[in-house]
1. Given the structure, is Ser52 surrounded by 13 or more Cβ atoms within 10 Å (Cβ to Cβ), more than 15 Å from the chain's Cα centre (by Cα) and among the hydroxyl-bearing types (Ser, Thr, Tyr)?
2. Got a number for residues in region 76-107 being closer than 25 Å to Gly44 by Cβ, modelled with pLDDT of 95 or more and open to solvent by 10 Å² or more (accessible area, probe 1.4 Å)?
3. Does Thr120 satisfy the condition of being touching a Pro at 6+ places or on another chain (Cβ under 9 Å) and within 22 Å of Ser52 (Cα to Cα)?
4. Name the residue, out of Ala53, Ala4, that is at pLDDT 95 or above, part of a loop (DSSP other than H, G, I, E, B) and either in contact with a Ser or Thr (Cβ under 7 Å, 6 or more places away or on another chain) or closer than 25 Å to Trp150 by Cβ (or both).
5. Collect the residues in region 81-117 that are of a type in the set (A, V, I, L, M, F, W, C), closer than 17 Å to Arg55 by Cα and over 13 Å from the mean Cα position of the chain (by Cα), keeping them in residue-number order.
6. Is there any pair with a first residue in region 42-53 that is under 20 Å from Arg108 (Cβ atoms) and a second that is in a loop (DSSP other than H, G, I, E, B) and among the aliphatic types (A, V, I, L, M) whose Cβ atoms are under 8 Å apart and which are 6 or more apart or on different chains, and what are they?
7. Does region 135-154 include one or more residues that are open to solvent by 60 Å² or more (accessible area, probe 1.4 Å), charged (D, E, K, R) and touching a residue at least 60 places away in the same chain (Cβ under 8 Å)?
8. Looking at the structure I just gave you, is Asp125 touching a helix residue (DSSP H, G or I) at 6+ places or on another chain (Cβ under 6 Å), touching a residue at least 12 places away in the same chain (Cβ under 8 Å) and closer than 23 Å to Gly44 by Cα?
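The values are calculated or read from the model by the stated rules, or taken from the named source; none is laboratory data. Worth saying up front: this structure is predicted, and the values here are computed from it rather than measured. Reconstructed Cβ throughout: ideal geometry from the backbone, glycine too, with neighbour counts over all protein chains shown. Heads up: the accessible areas ignore ligands, DNA and RNA and are worked out on the full protein's heavy atoms, side chains in. Shrake-Rupley method; radii C 1.70, N 1.55, O 1.52, S 1.80 Å.
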Amino acid sequence: MHSAMTRRGAMKRLMGGAAALTAASAVPARLLADAGRGARLSDGTLTIEFDSAMRSRLSRGALLLTAMEPADAIRLDDNHIVDHFLLLDQQDARIAGEHGAGRRHILRGSADGRIEKRQTITFLDRYPGLALIETRYRNTGDAPLAIAGWHAATHDLLNHPDGAWSFAGASYPD
């Protein structure tokens with residue numbers, strides 16, 4: 001997916017992306033200061049941790065369920081995979097709605113200053129251990145992007161001595 005990157009290359013991409021974001025949208029300094037930190041979201045049963053590249057991992061209590069990995073990605077029509085987004089900021093608030101009270105978290109990141117990822121994770125008090133995840137992408141660059149595909153909220157479970165079961169629903173055209 002990504003070729004090996006040197007520290008110099010990583011800094012160049014980070015600084016170039018930050019400079020492009022600052023010039024293009026006058027991003028407040030607070031947002032850039034948050035870049036480099038991750039986020040830890042939990043309802044007391046399920047925890048979702050994000051690193052500064054918006055890769056994530058899941059845990060239940062003290063038990064790690066998955067490794068830190070890109071759970072979401074876009075595949076461009078040239079087969080380039082975009083799965084690392086610089087975490088710019090996050091917000092959270094208590095909510096109340098038709099499914100009861102809970103907490104909604106919104107994370108926002110950028111890939112090379114040309115694709116914005118906005119991820120909303122909602123935990124409902126009535127359903128501990130359940131996270132509702134909505135992911136949106138927006139072209140913030142100057143050129144059109146052709147999207148060939150994507151995947152969302154995908155994680156591989158870590159090995160466990162007792163084994164594990166998972167339900168992964170899907171829809172097929174047939």
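1. So Ser52 does not fit the description; no.
2. Let us first name the residues in region 76-107 that are closer than 25 Å to Gly44 by Cβ, namely 87, 89-107.
Narrowing the set further to residues that are modelled with pLDDT of 95 or more leaves 87, 89-96, 100-107.
Checking the rest, the ones that are also open to solvent by 10 Å² or more (accessible area, probe 1.4 Å) come to 89-96, 100-101, 103-106.
Matching residues across region 76-107 total 14.
3. Taking the combined requirement at face value, the residue does not satisfy it.
4. Ala53
5. Let us first name the residues in region 81-117 that are of a type in the set (A, V, I, L, M, F, W, C), namely 81-82, 85-88, 93, 95-96, 101, 106-107, 111, 115.
Keeping just the survivors that are closer than 17 Å to Arg55 by Cα gives 81-82, 85-88, 106-107, 111, 115.
Correct list: Ile81 only.
6. Glu49/Met68; Asp51/Met68
7. No: zero hits.
8. Values: touching a helix residue (DSSP H, G or I) at 6+ places or on another chain (Cβ under 6 Å): no; touching a residue at least 12 places away in the same chain (Cβ under 8 Å): yes; closer than 23 Å to Gly44 by Cα: yes.
It is false that Asp125 is touching a helix residue (DSSP H, G or I) at 6+ places or on another chain (Cβ under 6 Å), touching a residue at least 12 places away in the same chain (Cβ under 8 Å) and closer than 23 Å to Gly44 by Cα.
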